[in-house]
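Structure first, commentary second.
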């Protein structure tokens, strides 16, 4: 009988000490000081940098598209306000310049 009382008391003492050690280990465990916490923090920073870079690239593309649309609008407005007059005058000037240069070339050869 004394034997079983001793074995039971030692078992109870072992379980109490085991529970107490577990409680101390968990209480003293500081997540912020572990290598895993550093790895998670670095991963978060890298993900943030990747998504910020993508957002910046998307903003850049949107700005390019807006500028292109604005330039196209300006060109379209310029073409509609000036009409065919500027095109005709450019063509006339070009034709007269070509005709004059051909006449000079023919005159020099003769």
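Could you tell me how many of the residues in segment 25-40 are in a helix (DSSP H, G or I) and surrounded by 10 or more Cβ atoms within 10 Å (Cβ to Cβ)?
So the answer is 4.
Given the residues 73, 22, 94, 87, which is the only one that is over 41 Å from the mean Cα position of the chain (by Cα), at pLDDT 85 or above, surrounded by 10 or more Cβ atoms within 10 Å (Cβ to Cβ) and assigned to a helix (DSSP H, G or I)?
None of the other options fit; the residue is 22.
The values are calculated or read from the model by the stated rules, or taken from the named source; none is laboratory data. In this text the structure is predicted, and so the values were computed from the model without any measurement. Heads up, the Cβs are rebuilt from the backbone with ideal geometry, glycines too, and the neighbour counts pull from every protein chain shown.
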